[in-house]
């Protein structure tokens, strides 16, 4: 941790007073938090407890206190949204979700699960994906994390995306 000092100047009857305010800065490896409204039962997230990250599935929501019950390898436990972090969307995550991979001749990669399709412009590039399910096509949706993909999948197919094969 490092301390940062900033100087503030405030005008008080044409005289400026200076004071220093100390701020503590602690870098974090994954600073993205998930909004409570984006979390659905069945979503896969990373839960932080005592400095350790645990991958788990959301099993219950408490809207009154904005808490999320996550089932990890160890047990179920309630977390605040400040303790939840998203799983990045990448090829490993799609393989865990039982997607089949099909490389195309133009360098793009198609991932398939049942009738649902997801295409990346090139292998490993998940910045501009396209997805479709039957006639519902979505070009470049704002999907960067697994829980976002799960929410789009649910919206399109009316079935929650899990790790179970189809």
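Every number here is computed from the coordinates shown, using simple stated rules; none is lab data. Predicted model, so just to flag it, every value in this text is computed and none were measured. Because the Cβ atoms are built from the backbone with ideal geometry, glycine has one as well, and the counts that use them run over all protein chains shown.
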- Message: Here are the criteria: (1) free of Cβ contacts under 8 Å to residues at least 24 places away in the same chain; (2) not in a loop (DSSP other than H, G, I, E, B). Tell me which single one residue 73 does not satisfy.
- Response: (2)
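In region 61-73, is there at least one residue being in contact with a helix residue (DSSP H, G or I) (Cβ under 6 Å, 6 or more places away or on another chain) and either surrounded by fewer than 18 Cβ atoms within 10 Å (Cβ to Cβ) or closer than 21 Å to residue 37 by Cβ (or both)?
Keep residues of region 61-73 that are in contact with a helix residue (DSSP H, G or I) (Cβ under 6 Å, 6 or more places away or on another chain), which gives 66.
With the extra rule that they be either surrounded by fewer than 18 Cβ atoms within 10 Å (Cβ to Cβ) or closer than 21 Å to residue 37 by Cβ (or both), the set shrinks to 66.
Yes: region 61-73 contains one or more residues that are in contact with a helix residue (DSSP H, G or I) (Cβ under 6 Å, 6 or more places away or on another chain) and either surrounded by fewer than 18 Cβ atoms within 10 Å (Cβ to Cβ) or closer than 21 Å to residue 37 by Cβ (or both).
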- Selection from region 79-114 of residues that are over 20 Å from the mean Cα position of the chain (by Cα) and touching a residue at least 24 places away in the same chain (Cβ under 8 Å): 113, 114
- Of the conditions (1) loosely packed, with under 14 Cβ neighbours inside 10 Å; (2) over 18 Å from residue 38 (Cα atoms), residue 142 clears all except one; give me its number. (2)
- Going through region 81-112 in order, the residues found to be over 23 Å from residue 133 (Cβ atoms) and surrounded by 13 or more Cβ atoms within 10 Å (Cβ to Cβ) are 81, 83, 84, 85
- Among (1) in contact with a helix residue (DSSP H, G or I) (Cβ under 7 Å, 6 or more places away or on another chain); (2) loosely packed, with under 15 Cβ neighbours inside 10 Å; (3) closer than 19 Å to residue 43 by Cβ, where does residue 124 come up short? (3)
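Taking the condition without any contact (Cβ under 8 Å) to a residue 24 or more places away in the chain and within 26 Å of residue 155 (Cα to Cα), does residue 56 pass?
Answer is yes for this residue.
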